[in-house]
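The values are calculated or read from the model by the stated rules, or taken from the named source; none is laboratory data. The structure presented is a predicted model; accordingly, all values stated were derived computationally and were not measured. Note: ideal-geometry Cβ built from the backbone for every residue, glycine included; neighbour counts use all protein chains shown.
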C-alpha cells in the first residue's frame, strides 16, 4: 500500500510540475507577445515624435521673446508614419548639474493634429513649483514624460 501511495504521489507531483511549467511558459509567451505588439504599434512611433523646449528671453528677437510671460518655445515634430492626434507632456527645469525638477507638475496638452512630417510650435509660461524662487530663465528646461495619441 505504501508503494502505491508513493507512486501516486510521484505521478501527481510530476504532472503538477509539468502543468505549472506549461502555465509559466504560456505566461512568458503571452508577455513577450504583448510587449512586441505594443512596441510595433505604439512605442516605436512615440520615439519618432520629437518634443523639445528652448528658452527665448525677452528682447532676444526669437519667436517667444516678445510673448509676455511665455518665454519657453516648445517644438513638436512628427517623424512617425502615423498621424498624431494629441500629445500630453510635462516640462522639467533643473539647475545646471542638478537632477531636482523645479518645474510645476502641470501637464500640457496639444490637440494639434500633426500628419507625418509636420511640426508645430508654441510659447508656454516658465512655471515653477510653489516655493521655488529662482530665475526660471537661468534653468535648463527639457521635456519630461509624454503621452502620444495616434489616429
Checklist line | Residue that is modelled with the highest pLDDT, among those in region 122-141 that are surrounded by fewer than 16 Cβ atoms within 10 Å (Cβ to Cβ) and not in a loop (DSSP other than H, G, I, E, B) | finding: 140
Checklist line | Scope region 100-110; condition under 20 Å from residue 67 (Cβ atoms) and either assigned to a loop (DSSP other than H, G, I, E, B) or touching a helix residue (DSSP H, G or I) at 6+ places or on another chain (Cβ under 6 Å) (or both); matching residues | finding: 104, 106
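Kindly evaluate residue 117 against the criterion of being assigned to a loop (DSSP other than H, G, I, E, B), under 21 Å from the mean Cα position of the chain (by Cα) and over 20 Å from residue 147 (Cβ atoms).
Answer is yes for this residue.
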Next item on the list: Look through 15, 70 and report the one residue that is without any contact (Cβ under 8 Å) to a residue 60 or more places away in the chain and assigned by TED's automatic domain parsing to the domain that holds residue 142.
Entry: 70
Note to self: If residue 136 satisfies all but one of (1) in contact with a strand residue (DSSP E or B) (Cβ under 8 Å, 6 or more places away or on another chain); (2) within 30 Å of residue 39 (Cβ to Cβ), what's the number of the condition it fails?
What the structure shows: (2)
